[in-house]
Amino acid sequence: MALEAQDVYFRYNKKQPWVLEGRSLKLERGERLALFAPSGRGKSTLAMLLAGYLAPTQGQILLDGEPLPSKGVCPVQLIYQHPEKAINPRWRLGRVLEESGSLQEDMLEAFGIERPWLQRFPRELSGGELQRFCVARALLSGAQYLICDEISTMLDVITQAQIWNVVLAEAEKRKLGLLAVTHNRHLAQRICTRMVEL
Amino acid sequence: MKTWNRRTKVLLLTAVMAALLIALYALGALIPDDAVASSIQNAKQPPSWEHPFGTDALGRDLFLRTLKGMAVSMTIGLAASAISAVVAVLVGVCAATGSRRVDACVGWVIDQVMSVPHTVLVILISFALGRGLRGLLVGIAATHWCSLARLIRGEVMQLRSQQYVAVSRKLGRSSGWILVHHLLPHLVPQFFVGLILMFPHAILHEASVSFLGFGLPPEQPAIGIILSESMRYLSAGMWWPAVLPGLALVLIVLLVDKLGDHLRMILDPYSAQE
Amino acid sequence: MNLLEIQDLSVSFRMYGRGLEQTDLQVISGLHLAVRPGEIVAIAGSSGSGKSLLASAILGILPGNAAVYGQMLYKGEELTPQRQQRLRGSEIALVPQSVAYLDPLMKVGPQTGGPAEKRRSLFKRFGLPTQTEQLYPFQLSGGMARRVLVSTALITDAKLIIADEPTPGMSLDQALEALRLFREMADEGKAVLLITHDIDLAFEFADRVAVFYAGTTVETAPASDFKTGPEALRHPYSKALWRALPQNGFTPIEGFQPYAGSLPKGCLFAPRCPYKTEQCIKEVPPVQEVRGGEVRCYHGT
């Protein structure tokens, strides 16, 4: 039961330099791993590879020994740094959640999502509130692994603590495998059981 | 009195323009055929209160004929630009979502169509289909979709690279579902603005091709026909059959163009807050 | 004397809501700030709290549907639009937030301006190769672009430098180098206004920190107070910020920052404040001097 990157190489095309060269990484269910590195080292690229948003040029990404499914609901879900880009600006937020499954009342409660927000449009909510929707949407799909790419970098520290407390509680409850990409060492130490530096 | 904000003013202006166009169209369509019947004793009269645009060589009232012609032109223009806009969306979406080869192919066709002047192409198609309403309609519809198709292709390409589309795919949604729910709704404003801005071009092409004798038959009271006939009498000092219907045509075209501009202003998020 | 002094500044945007209704969104309200020569003042707050708009307001480059109220003094004189136009780029320089502020059709060298020698030495300090001058903005990586942007401001003889999020995208070393440069500028008698959402950074490098909340400064305090801990701070929001940091407990307070469209009538922090009283809900508290800092709270201690 693990998500694994095996000797992964990546570049956008043959003319470009390698973004990642021979990286390997293993994330077990129930484990919280921090990927800690300064920017420009391919953290985000590795995150996108692990979630199946990009395909490695060489090497492979394995989920429980099998390649990631290319169709259907992906058991590995990625959460981006900018929630306002990851939500269709023309959709009410209720619809955003329903895209990944039917609403669960206890989930709204756990994430501090207030009922009236479901009727609103994304531009009427702040980044911290939208980020809750992105996390909730990823978990509603039944994800087993959560890749968090700098999800709290754009938020103030209070909202950051609010979001992470929720994510950590859910990760505990669902035995999620969690990979947190961050450049903040203090945050990495606080939220994760293991740290990897790129 | 309460002062209106800019958006209200623009909306009001747009509504007035639209109403004016609809009224003109209705007026033209409602004029019975015998109102523009020929009467030799009234022939070649300059503009007067009774005949605001004067009469032509056969004694037909030019004002009514112009109105009627305008209604015909508007019907053709609307139908042709609607077909064109739909074609543009289909082609644009196909190019953006299809394989690289489809995209290249569509790009090539667009280049080919755009490299030939529209008028020449409309004449050729209309002539090949035996002139008349059908030939003209197909000719205009087949030549006007290119630039809008390009625009839509670009828009879809840009939308497809959005993070929320990538997320949707990973949530197990199919390409078709994403197209209908995420992509197409964003294209609605583009579609309508594109359609309306295509409208004046379509009318002008209809008029010019009919003027040259490759479009509508001479018995149709189309603007192009009226202008074409007027040429014969211009040297005899009859200026009104050429100038007044011509001005009316220019006016309508400008009106529609402004309407399209205003619509874009309202729908475009970049200018919507001004 | 203060180089820049801002009193009771408000900025609102005229926006259209649904349909035809038009509303004024107040994004900055009752803001007080003073910057003295020789110091770095950090403005810390979350994204969307109006920090970047403050920079635009000082420079006079807000969009057309914005309205500005209140007073801004530069060297003791009112900052009028004419004066802003004269001063920006010469006396007041901006380190903009994104590469989008560079002219895409102009090479980096000429665009950076200033004497060539100064430019080269700056580039060298930032670890930018000399050939960078010959590149176009699109050829720069994110971190390089960021360093070029900082250079454009440092190369001028500006007395006041406004840096809007200058460090994201840089490596730690580069960020430290940039901040060291800002420190040097300040030590030479210039003033630096550092806008950032990275509070750790603000504590480390600034002389004073202004805490931004919902478009206003709730507390301005010496940076050392933030290192000491919540007992040295004056405003309940600053204390909450401190406690929410991953290294100090990671415990958040409840609730959300209010929207620009629906600000509370009294103190902007009242809805989330544990010490709120009747007075806080009814009236906006005035700015008070408490222990060498400024705080906008009835209960600031």
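A cut-off of 5 Å between modelled amide H atoms, ignoring neighbours fewer than 5 places along the same chain, links A:Leu78 with A:Ile147.
Axis of helix B:146-160 versus longest Cα principal axis of chain B: the two differ by about 20°, to the nearest ten degrees.
Annotation: A:Ile163 carries an accessible surface of approximately 10 Å², with a 1.4 Å probe and no ligand, DNA or RNA atoms counted.
Rounded to the nearest 0.05, the FRET efficiency derived from the C-beta distance between B:Cys105 and C:Gln82 at R0 = 56 Å is 0.45.
Sorted largest first by accessible area at a 1.4 angstrom probe radius, with every protein chain in place, the residues C:Trp242, A:Trp117, A:Trp18 fall in the order A:Trp18, C:Trp242, A:Trp117. All alpha carbon pair distances within the range C:165-215 were sorted into 5 Å bins beginning at 0; the resulting P(r) in whole percents reads 5, 18, 31, 25, 14, 6, 1. Only protein heavy atoms count here; under a 1.4 Å probe, A:His186 has an accessible surface of about 80 Å². Only DSSP H runs of four or more residues enter the estimate; each adds -39500 (n - 2.57), and after division by the residues of chain C the mean residue ellipticity at 222 nm equals -8000 deg cm²/dmol. Given +1 at the Cβ of Lys and Arg, -1 at the Cβ of Asp and Glu and no other charges, the dipole of the range B:75-267 around its Cα centre is 800 debye to the nearest 20. Taking A:Gly112, A:Gly65, A:Gly177 in turn, the Gaussian network model of chain A (Cα-Cα springs below 10 Å) assigns the largest fluctuation to A:Gly65. A viscosity of 1.567 mPa s and a temperature of 4 °C, combined with the Kirkwood radius over Cα pairs in Stokes-Einstein, give a translational diffusion coefficient for the range B:75-267 of 70 µm²/s. With r as the distance between the Cβ atoms of B:Ala26 and B:Arg134 and R0 = 30 Å, compute the FRET efficiency 1/(1 + (r/R0)^6) and round to 0.05. Using R0 = 30 Å, I get an efficiency of 0.75.
With n ≥ 4 as the cut-off for DSSP H runs, can you work out [θ] at 222 nm for chain B, using -39500 (n - 2.57) per run divided by the number of residues, rounded to the nearest 500?
-24000 deg cm²/dmol
For A:Glu66, the accessible surface of its heavy atoms amounts to roughly 120 Å² (probe 1.4 Å, protein chains only, rounded to the nearest 10). Diffusion coefficient (Stokes-Einstein, Kirkwood radius over C-alpha pairs, 20 °C, 1.002 mPa s) for chain C: 106 µm²/s, rounded to a whole number. Listed by number, the DSSP H helices of chain A that run 15 Å or longer by alpha-carbon position along their axis and have mean Kyte hydropathy of at least 0.0 are A:127-140, A:157-174.
Calculate I(q)/I(0) for the protein assembly as shown by the Debye formula, one identical point scatterer on each C-alpha and no solvent, and give its log10 at q = 0.05, 0.08, 0.10 Å⁻¹ to two decimals. Ignoring solvent entirely, the Cα scatterers give -0.37, -0.84, -1.13.
Take the Cβ atoms of C:Asp24 and C:Glu254, set R0 to 35 Å, and the FRET efficiency comes out at 0.75.
Only bridges whose two residues both fall in the protein assembly as shown count here: according to DSSP, what percent of them are antiparallel, nearest 5? Close to 55 percent.
Volume of the convex hull of the range A:2-197 (Cα atoms only), normalised per residue: 121 Å³. Principal axis extents of the Cα atoms in the range B:188-274, from largest to smallest and rounded to whole angstrom, are 55, 24, 15.
Each of C:Leu172, C:Leu179 has its accessible area taken with a 1.4 Å probe; listed largest first, they run C:Leu172, C:Leu179. The angle separating the long axis of helix B:132-143 from the principal Cα axis of greatest extent in chain B is about 40 degrees.
If you place +1 on the Cβ of every Lys and Arg, -1 on the Cβ of every Asp and Glu, and leave all else neutral, what size is the dipole of chain A about its Cα centre, to the nearest 20 Debye?
Using only the charged Cβ atoms, the result is roughly 500 debye.
Projecting the Cα positions of B:Leu67, B:Val16, A:Ser141 onto the charge dipole of the protein assembly as shown (unit charges on Cβ atoms of Lys, Arg, Asp and Glu, taken about the Cα centre) puts A:Ser141 furthest along the positive direction. Just to confirm the number: angle between the C-alpha axis of helix B:6-30 and the first principal axis of chain B, 0 to 90 degrees, nearest 10? In chain B, helix B:6-30 runs at an angle near 50 degrees to the longest axis.
The values are calculated or read from the model by the stated rules, or taken from the named source; none is laboratory data. Model, not experiment: these values are computed from the prediction. We place every Cβ from the backbone using ideal geometry, glycine too, and count neighbours over all the protein chains shown. For accessibility, only protein heavy atoms count, side chains too; no ligands or nucleic acids. Shrake-Rupley method; radii C 1.70, N 1.55, O 1.52, S 1.80 Å.
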